[in-house]
Each structure stands twice: as C-alpha cells, then as structure tokens.
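As structure tokens, the structure follows; a few thoughts come after it.
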Amino acid sequence: METTRRTFLGLAATATALALIPVDAAVAQATASGAPAAASGHRLTNLAHLRSLLADVPVAASATHTTYGIETRPVVRAPWTYADTDGAGGYRPVGGGSRDAATGYWSQGAYNADDIARAAVVFLRDWQATGEAQSREDARDVLRALAFLQTTSGTNAGRVVLWQQPDGTLNPSAIPVELPDPSDSAESYWLARSVWAFGEGYAAFRTTDADFSAFLLDRLHLCLDALGRESLARAGQWVRSDGRNLPAWLITGGADATAEAMLGLTAAARVGDERSRRALKTYGEGVAAMAPDPAQGWPFGAVLPWTGSLGFWHAWGGAAPEALGRAGAALGRRDWVSASVADAGRFTPQVLASGGPHNAWAPLPAEAQIAYGAHGRVAGAVAAGGEGHRVLAGLAAGWFFGANTAGVPVYDPATGVTFDGVETDGRVNRNSGAESTIHGLLTMQLLDANPDVAAIATSITGLRSFSGLRAVDAASARLSPGCTVVRPNGGAWTGEGNLSGGAYVHVPAGESVEFDVTEPGGILHGLVWRQAQDAGDAVWEVFSGLRRVWSTRTPAGGTGDRGLTEADGMLAPQLLGGDVPDGPVTVRCTSTGDVRLNALVIQPRVATAVYATTTGSAVLYANGTASDLRIAPLAPGSGRAYEADGSQRGQAAASGAVRVRGGGFTITRG
C-alpha cells in the first residue's frame, strides 16, 4: 500500500518471495500454449482469476458505516489483497501482514479499499464493453463493499477506511502503521480511488438503475465533501519544494493520487454532474502544473507525481497522462492534452528504451517492473490519441507478452492471471494479487477496445536489446587529489531520491573529476546533489583529445528553501547541452565551490529498443535532439516517422538509413 512514495524502493512487487523462472523454459511453455487470444480474434480480457479472488463479506450497519441495500442483503463482495501461487498452477488468497490463528485476523486486513475500488472499475468497464450480466452484478456488489468502507458521519465523514477483516470488521489502524492513521482520518490514495470507482459507477448505472446510480452519486459527493475540507479548500495555493512553487491542492500532495480521482470525476462530469466538473477543473489545473517543459531535459516531459521531490518519478500510480488526456478532451483544455501528449510522445519512448516501466526514476531508471506501471504507460499513450502514440501503446503493452526484463509473458489470457512483478535481474514473482490482476485486466480492456494496438502488443514475444540512459558514477571516475568519495550513513536515499551507486564525490573548489566516454556521441546530463545554499558551480568541459569541444556550467547549490521536502537540496539531472562528438572523449567537471557530484548521465542521441515479434523484429528509435537524424537500421523492416505529438511525418526509410524526427520517434516492423 502507498503510505509514502518511497515504500517500494528496494522491494519486490509484493512482500512475498520471488521465484526464478528459466527464460527458455517459460518461453517454450508460452509457445506450446498457443498465440495470445487476440491473435485469433478472441478477447484478451479474462476475469476468471479476479473473480476467484472475490469473497463474500458479511457487513452490519452502524452509525458510521452502511451500504446500499444492507437491510435485505447484508453481504458484499471484495477481492483478497494477495494471491500466492500454490506451486501446482493454482493460487491461495492471502491478506496483508501476518495472520492470527486464533481470530483469523490479518495484521493489516484481508481486503483493502484500494483494490476494491479498482476491481469495481474493471467490472464496470467489462459490463459496458460486453453487456455481460455477471460483470454488472459483480460491479454492483464490489461497489457496495467500497461504500461500506466509507465513513458516513462525524468528523471523518466522506473519508474511507482502508482495511477490512474476513468477518467484515473494519481495521482502521493497520500493523505496521500506515498513514493516515486511522486510515479515515485524512485524505488518502484510497479516498482518491473511491472517487474513481464511484464516478465511473454513477455514469455506468445512470441509465439502467436510477436508484443505485443516485446512491453512488451521493457517495461521490460525500467524497467531495471530505476533499473540500482539505485539498479542494487549498485550490489556488502553492507550496515551496526546493525553491519552486508547486500546487498545494493535490490529494496527499501527489499528481498520482489526484489523477486517479480525476478518472472518476471525468466520467461523472461527462454525464452531467456539475459538481464533479468543478472539482475536475480544479484538480486538472494542479496535475497539469506538475508537467515540466520537455526541452529542459530530465524528466523528458513526464508528469511528476509528487510535490515532495523534483527529482523523482515513479511508474506505479502513473495515471496522470491518461487523466489529463481524458479530462482535457472532456473540458476542452488543450493545455492538459498537450501535457498528456508530451508524456506519451517524449517520455514513454525513453522509458521503453531504458528497458521498460521500472518502478522508479529516482532520478535514474531502477527497481522492479510491475503491471501497475506498465498499464499507466499504455493508458497514457492511448489517451494521447496520436497515430504514433497508438503504436507506442502497443509496444508498451508488449511488456505483458514478454517484452520485460525476464523475457517471459506475465499475463495469461487463458486464466486472467498477471504475475506480481519482474525484477531487474530477471526474477519473476509468480504470485498474482489483486493489484497486478486488476492493472493487467485494465490493460487488456484497452487492448480489446483498440484492436490495432492489441495486434502490435500480442505480436511481441520479447525484448532483444535496448539502449537508453546510462550513468557513469563519479566514484568510479578519475578524481583529482582533493576529491573524496562520500557514502552517506543513511544509504542511497537522500529523502527525495537515490544516489547512483550509493555515493557521491565531494569536489572542493579547484578540484575536478574526469569521465571517459567511449560510446558514440550522446546528450550529457550532470547529476549533482545540489545544496540549498549557494555552493558555486560545476564547470563542465568536453575534450576530444586535447581539443576542448564545448563547455558549460551548472549550479552546485542555490535550490533555496526546501519547503515541504524531506531534505535540503535536490538530486535531479541537469541538461548540460551541446552534443558529444563520436569517438572517445573526456568530460571534466571542475568545482568553483562545493560540488557534490554523483554521476554523469549519458542519453543516446537516438535511444532504441529492439523487440522480438512473431514475424521478426520491431524497433523503436527515439530522438533526444531537436534535429532530424538518420541512423543505421538495427533490424530489417519498414515503418513510419512520428513527431512527439504522434502525427506521422513520412516513412522511416531514407537512403538505407532510418529517419527520426527531432524530438520525435520512429517505429519499424519486419
């Protein structure tokens, strides 16, 4: 659960043990079972595993908790939080934390509001897509479960209790403690996700069940009452974050949580709820304010998720581009759509060229890959709407079919199982809890609704190679005598990000660090752990032999008041500018003050990812420069060149080379 935005660092997708799957054996097993369902015209979405996680939960009305129809049906349905593989092809549902054998209670709980809300969205969308009566009833019962968790009166009215035990008892204070504690005492991810589910539920049931729809609208408005006492009450106010003004009215301080609420508000606003429209406009302004200028380098147009750090992006909870695209279209906000397009057209290609949806760019790509993060990339690209974005969405969705660090399919259309995650070293967590299952299914629903995207995704069988950002740690470079390597006692985490290699080099005035760069030319970024006070500059020089090619300087401090962040200073790559020539070069960083140098980050001029497909290869070429480039093809094939906005700008081939538009991308398939 997301009690802070750093809990996942260093962790697997869940707390359960990881199992290593031999890549060759897994691929052979997948091949033996046949091609993905979409290839033969069948739906990829399979709700069987999610339904197997559902449990009947008894509920009893109280002064603060009740739900629709509880008088005649005192039972709701909720998905278990986790599901551990039993080693024989089946799964065993598991709650959060440890289980008390005497009471049957889990230290956290069996079911949680986050997964209940998102499961409701899956069933709602399935019902709307297929008309299936069972999905309609599942959606109703799961929404009733979510409504029971919402506090209906008192000082916490409108907020949501996170955990529930198997017998229906609410568990507002989990062990270990999660914030807010009690869980309905303040705004939270689960309150934001309740807005998502109630909003989509209201819109879906509006024309078929007026009474239930009205109940859901009341609960949505009750959520907005609670939000109105906190984040919405701060609309138009700003907070300081390392010297920069950021919106103070994001839910829990994040575009991540706020974006998921925006999905529900967009659905409700589209069918005429004016209160949702007003809240959507307010929150959309806040999330859009978290979108940087892609021309400034890192994070390459990604919508930052958290006001607590300007050098931290995470894949989970990455619904901001999707939310801005959907809300922008609904409200006619081209600026929001533009932010969505930049995230999809500039950042997603860099994500794919760096090996896929790693959990964190903090600020460099690292950590496990999970369905939550993969779904966000696909949904954002589809929402962006351009022709090229749809092809990118197909490549991103290929993660589920083998384009991941393990090289194995992690979604099975025959069962609806999505594995819980893939580690950077190829270990696969074969458990399949609610969150992974839900986000796998949300992705499959997008593919079923967009057959052209599905055709690309299901043709992908693996990730052959990729070439994206590379960091050269300063601690491994040549240091002048006055430099020292510092390994903080607290480890790599600075309070806002992770030091590459867990160390930095202290470079006093007049001292220097030299990096040897041997690969073909690229774009340089300096990673300095800047200080709050002025600390002089880092002077960067690029030499080809004895000839200085270019130089620039970046501040070593001056970030200003840390504001609400956890630590003084900031760790984020700074674009150095000036292309690096081909051939061996030396990059020298000289201090004019007090530089804490972490790494030199090298971005290829054209970042690439090569995918294995059922017919050969697909290749993504992403141009990080502003100029059109032509490079040698990495695999046979034809395709199209696209601007970052997804519009087509000619064929990929150009006199035996691949043409890539400045700031855009090209995709070839053979």
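Assess whether Arg125 counts as being under 22 Å from His375 (Cβ atoms), modelled with pLDDT of 95 or more and in contact with a Leu (Cβ under 8 Å, 6 or more places away or on another chain).
It is true that Arg125 is under 22 Å from His375 (Cβ atoms), modelled with pLDDT of 95 or more and in contact with a Leu (Cβ under 8 Å, 6 or more places away or on another chain).
Mind counting the residues in the range 382-411 that are at pLDDT 95 or above, more than 19 Å from Ala360 (Cα to Cα) and in contact with a helix residue (DSSP H, G or I) (Cβ under 8 Å, 6 or more places away or on another chain)?
Qualifying residue count for the region: 20.
Mind listing just one residue for me: the one in the range 502-537 that is of a type in the set (Gly, Ala, Ser) and either at pLDDT below 95 or not in a loop (DSSP other than H, G, I, E, B) (or both) and, of those, farthest from Ala492 (Cα to Cα)? Outline the logic, then answer.
Applying the first criterion (of a type in the set (Gly, Ala, Ser)) to the range 502-537 yields 502-503, 509-510, 512, 521-522, 526, 532, 535-536.
Cutting the leftovers down to either at pLDDT below 95 or not in a loop (DSSP other than H, G, I, E, B) (or both) gives us 502, 512, 521-522, 526.
Numbers: Gly502: 4, Ser512: 23, Gly521: 29, Gly522: 27, Gly526: 18 Å.
For the range 502-537, the residue satisfying everything is Gly521.
Please find, among Asp126, Asp115, the residue that is under 13 Å from Ala197 (Cα atoms) and not in a loop (DSSP other than H, G, I, E, B). Explain how you work it out, then say what you get.
Details: Asp126 fails: under 13 Å from Ala197 (Cα atoms).
Answer to the check: Asp115.
Against the condition of a type outside the set (S, T, N, Q), in a loop (DSSP other than H, G, I, E, B) and in contact (Cβ under 8 Å) with a residue 12 or more places away in the chain, how does Gly104 come out, does it pass? Break it down into steps so the answer makes sense when it comes.
Working: of a type outside the set (S, T, N, Q): yes; in a loop (DSSP other than H, G, I, E, B): yes; in contact (Cβ under 8 Å) with a residue 12 or more places away in the chain: yes.
Here the answer is yes, as Gly104 does meet what is asked.
What's the number of the condition Trp550 fails, among (1) of a type in the set (Phe, Trp, Tyr); (2) over 26 Å from Trp313 (Cα atoms); (3) out of contact with any strand residue (DSSP E or B) (no Cβ under 8 Å at 6 or more places or on another chain)?
Every condition holds for Trp550 apart from (3).
Looking at the range 186-200 only, could you name the residues that are over 12 Å from Leu227 (Cα atoms), among the small types (Gly, Ala, Ser) and in contact with a Lys or Arg (Cβ under 9 Å, 6 or more places away or on another chain)?
Listed by number, the list holds a single entry, Ala197.
Scan the range 408-453 residue by residue and report those that are buried (at least 24 other Cβ atoms within 10 Å of the Cβ), among the hydrophobic types (A, V, I, L, M, F, W, C) and in a loop (DSSP other than H, G, I, E, B).
Val408, Val410, Phe419, listed by residue number.
Scan the range 480-503 and report the pairs whose first residue is within 16 Å of Gly311 (Cβ to Cβ) and whose second residue is surrounded by fewer than 18 Cβ atoms within 10 Å (Cβ to Cβ) and of a type in the set (Asp, Glu), with Cβ atoms within less than 7 Å and a gap of 6+ or a chain change.
These pairs meet every condition: Gly495/Glu566; Glu496/Glu566.
Does any residue of the range 464-485 turn out to be part of a loop (DSSP other than H, G, I, E, B) and closer than 12 Å to Asn598 by Cα?
yes
Sort out which residues of the range 554-606 are in a loop (DSSP other than H, G, I, E, B), within 23 Å of Thr484 (Cβ to Cβ) and among the charged types (D, E, K, R), and write them in order of number.
Asp568
On the given criteria, is Thr614 within 16 Å of Val539 (Cβ to Cβ) and of a type in the set (Ser, Thr, Tyr)?
The answer is no for Thr614.
Condition test on Arg640, is it touching a residue at least 12 places away in the same chain (Cβ under 8 Å), of a type in the set (Lys, Arg), more than 30 Å from Ala532 (Cα to Cα) and part of a strand (DSSP E or B)?
It is true that Arg640 is touching a residue at least 12 places away in the same chain (Cβ under 8 Å), of a type in the set (Lys, Arg), more than 30 Å from Ala532 (Cα to Cα) and part of a strand (DSSP E or B).
Go through the range 207-253 residue by residue and tally those that are in a helix (DSSP H, G or I) and on the phi > 0 side of the Ramachandran plot.
Matching residues across the range 207-253 total 2.
Hey, can you tell me all the residues within the range 467-498 that are surrounded by 20 or more Cβ atoms within 10 Å (Cβ to Cβ) and touching a Phe, Trp or Tyr at 6+ places or on another chain (Cβ under 7 Å)?
Once the filter is applied, which keeps residues that are surrounded by 20 or more Cβ atoms within 10 Å (Cβ to Cβ) and touching a Phe, Trp or Tyr at 6+ places or on another chain (Cβ under 7 Å), the range 467-498 yields Ala474, Ala477, Thr494, Glu496, Gly497.
Just give me the residues in the range 329-349 being small (Gly, Ala, Ser) and either buried (at least 24 other Cβ atoms within 10 Å of the Cβ) or not in a helix (DSSP H, G or I) (or both), in sequence order.
Selection gives Gly332, Ala339, Ser340, Ala342, Ala344, Gly345.
Let's see how each residue does on (1) under 29 Å from Leu469 (Cα atoms); (2) touching a Pro at 6+ places or on another chain (Cβ under 6 Å); (3) touching a residue at least 60 places away in the same chain (Cβ under 8 Å); (4) aromatic (Phe, Trp, Tyr):
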| residue | (1), (2), (3), (4) |
| --- | --- |
| Trp238 | no, no, no, yes |
| Gly243 | yes, no, yes, no |
| Leu250 | no, no, no, no |
| Ala257 | yes, no, yes, no |
| Thr282 | no, no, no, no |
| Glu285 | no, no, no, no |
| Ala288 | yes, no, no, no |
| Pro294 | yes, no, yes, no |
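Could you figure out which of (1) modelled with pLDDT under 95; (2) in contact with a helix residue (DSSP H, G or I) (Cβ under 7 Å, 6 or more places away or on another chain) isn't true of Ala269?
Of everything listed in (1) modelled with pLDDT under 95; (2) in contact with a helix residue (DSSP H, G or I) (Cβ under 7 Å, 6 or more places away or on another chain), Ala269 misses just condition (1).
If you take the residues in the range 208-218 that are more than 33 Å from the chain's Cα centre (by Cα) and within 19 Å of Arg125 (Cβ to Cβ), which one is surrounded by the fewest Cβ atoms within 10 Å (Cβ to Cβ)?
Thr208
The values are calculated or read from the model by the stated rules, or taken from the named source; none is laboratory data. Computed from a predicted model, the values in this text were never measured in an experiment. Note that each Cβ is placed from the backbone with ideal geometry, even for glycine, and that neighbours are counted across all protein chains shown.
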